[in-house]
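Visitor: Sharing a structure, written as C-alpha cells. Questions coming.
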Amino acid sequence: MQTLTIALAQIAPRLGLLDENLARHHELIDEARGRGAGLVVFPELGLTGYLLQDLAAEVAIRLDDPRLGRLAAAADGLSVVVSFVEESADHRLFIAAALLEDGMIRHVHRKLFLPTYGLFDERRFFAAGDLLRATPSRLGPGIGIAICEDFWHLTVPQLLALDGAQILINVSSSPGRDLASTNEVGLGTATSWRTLMRTYAQLTTSVVVFCNRVGVDESISFWGGSEVIAPSGQPLFTAPMFEEGLFTVDVPLADLRRERLTLPLLRDERPELQVRELSRIVAERAGLAPDSTADDRAEAGLDVAPGDAVHEPIGFRPGARR
C-alpha cells in the first residue's frame, strides 16, 4: 500500500524577520526529509509573520527572488508548501502560497478572500487573488491549495476537487477566539475549523491538510491544532494546541481510491447546474433579469417595491410642533 508521509510545520514565525524565518524553513525541510516526509506544509505567511500591516511591503518578495529560489532548491525530492507576501510585477501585494517541487516553483495560489471583519483588516494591505486551480504533483494525486479564509467559502474546496485535486491543503494563521467551556475543545475557533475540515474531506472525498501557526504577533495569539483528515472525514492526526513543532503523519493513498469508488459524490456533482443557476442569480442581483425569488412588487435587483409608502413615526402627527 502506497503511503504518503506528511510533515506539518506548526511554527511561530518571527514578525517581519524574513531571513530568520527562511533559515527556520530550511532547517525544518531538512528535518522533515530525515523523517521520510514526502510533503511538508508550512502555515500562512510562515516566512513573514501575520500581523504585518505597513511592514508588508518591506518583506514582500517576487517569484524570481533568489531566496525563494534557494528554498525551492532545498525542496529537491520533496513537495513543500510555503507562504509569503508576494509582490507582483505591477507592485500589488498578495498573501500567497507556493508549491515547491524538484527545485522549482510548480504552483502559486494567491489568497482569494481577504477578511475585514472582527480583528481582520487584510483588504487594507493586500490585493485579492482571482484565480483558483488545482495542480499536478510529483506525489501522484493532484494538489489544491487554499489560504485560511478561502476555506470559509464552500466553493473553494469544491472547485479544487472538481478540478482534479485529491489532497486539499489549507495553510492558516488562525487566531484563537471564542474561549468557552461549551466548545468541544474549549476554543470556538478550533471547533469551527475542525467541523469544516471534516465536512470538506467527506463531501469532496479528499485528504484535507490543515496547517495552522502558533505563537503571538503583537497581542494576537495563534492556536495551532494542525490536522490531517482522511477522505472519509475521519481525523488521522491532530497536532497539540499552542505548541510549536514538526509533526508527521502517514496517509494511505489507497484510501482515496476506495472512498471515491464507494461514495462517488464528485462523479455525481452537477457543475452545469451550478453554472446555470449562478448565472441566473448574478443577473438577477444586477437587475439584468427579473428576480424570481423576490416579492411580486419588488423593483428589479432590489428587495422592496419603490412605491412603498413612507409612514410617520408612531407618536407624531402631521403639522405638529416637534
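Visitor: When the stretch 77-108 is examined, which residues are found to be at pLDDT 95 or above, more than 14 Å from Val41 (Cα to Cα) and acidic (Asp, Glu)?
Guide: Glu86, Glu87, Asp90
Visitor: Take Glu259 and decide whether it is surrounded by fewer than 20 Cβ atoms within 10 Å (Cβ to Cβ) and over 20 Å from the mean Cα position of the chain (by Cα).
Guide: No: the conditions fail for Glu259.
Visitor: Output the residue which, of all residues in the stretch 52-69 that are in contact (Cβ under 8 Å) with a residue 12 or more places away in the chain and open to solvent by 40 Å² or more (accessible area, probe 1.4 Å), is nearest to Phe247 (Cα to Cα).
Guide: Looking at the filtered set, the residue picked out is Arg67.
Visitor: Which one of Leu112, Leu131, Leu99 is in contact with a helix residue (DSSP H, G or I) (Cβ under 6 Å, 6 or more places away or on another chain) and either under 20 Å from Leu154 (Cα atoms) or among the aliphatic types (A, V, I, L, M) (or both)?
Guide: Exactly one residue qualifies, and that residue is Leu112.
Visitor: Among the residues of the stretch 134-170, which ones are part of a helix (DSSP H, G or I) and open to solvent by less than 10 Å² (accessible area, probe 1.4 Å)?
Guide: Asp150, Phe151, Val156, Pro157, Leu160, Ala161
Visitor: Say whether the condition of being open to solvent by less than 30 Å² (accessible area, probe 1.4 Å), within 26 Å of Ala134 (Cβ to Cβ) and over 21 Å from the mean Cα position of the chain (by Cα) is met by at least one residue in the stretch 10-29.
Guide: yes
Visitor: Taking the criterion of being within 16 Å of Leu52 (Cα to Cα), at pLDDT 95 or above and of a type in the set (Phe, Trp, Tyr), would at least one residue in the stretch 134-152 satisfy it?
Guide: No; the residues of the stretch 134-152 include none that is within 16 Å of Leu52 (Cα to Cα), at pLDDT 95 or above and of a type in the set (Phe, Trp, Tyr).
For every residue, the table says whether it meets (1) under 13 Å from Asn212 (Cα atoms); (2) in contact with a Gly (Cβ under 9 Å, 6 or more places away or on another chain); (3) at pLDDT 95 or above; (4) aromatic (Phe, Trp, Tyr).
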| position | (1), (2), (3), (4) |
| --- | --- |
| Leu15 | no, yes, yes, no |
| Glu20 | no, no, yes, no |
| Arg24 | no, yes, yes, no |
| Glu31 | no, no, yes, no |
| Arg35 | no, no, yes, no |
| Leu39 | no, no, yes, no |
| Phe42 | yes, no, yes, yes |
| Leu47 | no, no, yes, no |
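Visitor: Looking at (1) open to solvent by 40 Å² or more (accessible area, probe 1.4 Å); (2) over 23 Å from Phe151 (Cβ atoms); (3) touching a residue at least 12 places away in the same chain (Cβ under 8 Å), which one does Asp90 not meet, given that it meets all the others?
Guide: Single failed check for Asp90: (3).
Visitor: Just one of Leu112, Leu119 is over 12 Å from the mean Cα position of the chain (by Cα) and in a loop (DSSP other than H, G, I, E, B); which is it?
Guide: Leu119
The values are calculated or read from the model by the stated rules, or taken from the named source; none is laboratory data. This one's a predicted model, so the numbers in the text were calculated from it and none came from an experiment. Glycine gets a Cβ as well: all are built from the backbone with ideal geometry, and neighbour counts include every protein chain shown. Surface accessibility is based on the protein's heavy atoms, side chains included, excluding ligands, DNA and RNA. Shrake-Rupley method; radii C 1.70, N 1.55, O 1.52, S 1.80 Å.
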